Amino acid sequence: MTPTETLAHLESIGNEGDAAGMLAYHKLPRRYLGVRAPVLSDLARDLRNSLSLDDRLALAKGLWESDVHDARMLAAKLLEQARIRPDDEGAWQLIQSWVPDFDGWALADHACIAGQKRLKADPSRIDAVEAWTTSDELWTRRAALVITLPWTKQNNPSAQDLEIRERVLGWAASYVPDREWFIQKAIAWWLRDLSKHDPDRTRAFLAAHGDKMKPFAVKEASRHLPDAPAAPVEDSAADENAPDENASDQSSPDES
């Protein structure tokens, strides 16, 4: 199936009402077809099973280049499997090529889910991700934390895993002075997930940096800590009106 054929199929199964809702929510100037995430997931699974790796990479590339929201979602889902044989370097390079296009959380996060699998397959790729942390682009900087979320989840991390975990926490610490809501939320997301597996390290980070984080971020990072530190008192009213990443009809990868 070519990108043109796949896009035509997406257009045929879209829903105008859902498309209007997506446009109103995301507020980004691209086409929305109104195809729900579960439908895209089923289609991606079928395409992964039926296409060769080269054809799948070509399809993902073409769908992303269409700049249609639903097509970009499908492009990311085509590369989400844990193992890509015989070689996943092409998939990793393609995902990296998408990073400069990130302009909102929904597409960025789904692309990062695919990237997480490639990063776990070859952790040396963390060097490439570190370059994102100094980007002028908000969504590129944020992606560095989202794509490394697997390193919050190990109960028995290896020495290499611990080294990567500390490296990413260093990036998070460097982000703390950035008052942008989505950056603060990404720091909080990383710490919240880490707290389920390494609460002591999470407490140490908050002890060192929590007084400089936005109140909502400290609260979110501490959600699973029984002895959560008090959040600093600062612009809490503004935080209550901040964007809700989970409000979209396209499910956020940010799982509680």
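The values are calculated or read from the model by the stated rules, or taken from the named source; none is laboratory data. No experiment lies behind these values; they were computed from the predicted model shown. So basically every Cβ, Gly included, is an ideal-geometry build from the backbone, and we count neighbours across all protein chains shown. The protein model used for the area step is the full one, side chains on, heavy atoms only, and it has no ligands, DNA or RNA in it. Shrake-Rupley method; radii C 1.70, N 1.55, O 1.52, S 1.80 Å.
Below, the figures for the structure above:
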quantity: Taking the C-alpha atoms of the stretch 42-162, convex hull volume expressed per residue in Å³; calculated: 109 Å³
quantity: Two-decimal Rg/Rh across the stretch 148-228, once Rg and the Kirkwood Rh are taken from alpha-carbon atoms; calculated: 0.94
quantity: Under 10 Å, Cβ to Cβ, from GLU11 - net charge with Lys/Arg +1 and Asp/Glu -1; calculated: 0
quantity: Long pairs among LYS120/LYS185; LYS27/LYS214; LYS117/LYS196; LYS77/LYS120; LYS117/LYS153, criterion Cα-Cα beyond 19 Å; calculated: LYS120/LYS185; LYS27/LYS214; LYS117/LYS196
quantity: Burial order of peptide ranges 91-97, 108-114, 202-208, 158-164 (average beta-carbon count within 10 Å, highest first); calculated: 108-114, 91-97, 202-208, 158-164
quantity: Phi-based couplings in Hz for the stretch 69-74 (Karplus 6.51, -1.76, 1.60; Gly and Pro marked x); calculated: 3, 5, 5, 5, 4, 5
quantity: Per residue accessible area in Å² of the chain, where ligands, DNA and RNA are left out and the probe is 1.4 Å; calculated: 45 Å²
quantity: The chain: projected area of the alpha-carbon convex hull, averaged over directions, in nm²; calculated: 13.7 nm²
quantity: In sequence order, calculated HN-Hα J values of the stretch 173-183 (Karplus, 6.51, -1.76, 1.60; Hz; x Gly/Pro); calculated: 4, 5, 7, 3, x, 6, 8, 4, 4, 5, 6
quantity: Carbon + sulfur, % of accessible area of the stretch 126-181 - ligands and nucleic acids excluded, 1.4 Å; calculated: 50 percent
quantity: Most fluctuating residue given options ARG142, ARG179, ARG72, as computed from a GNM of the chain linking Cα atoms under 10 Å; calculated: ARG179
quantity: Estimated 222 nm signal from helices in the chain, with DSSP H stretches of n ≥ 4 weighted -39500 (n - 2.57), rounded to 500; calculated: -18000 deg cm²/dmol
quantity: Net +/- balance of residues flanking LYS196 in space, Cβ distance below 10 Å, scoring K and R +1, D and E -1; calculated: +1
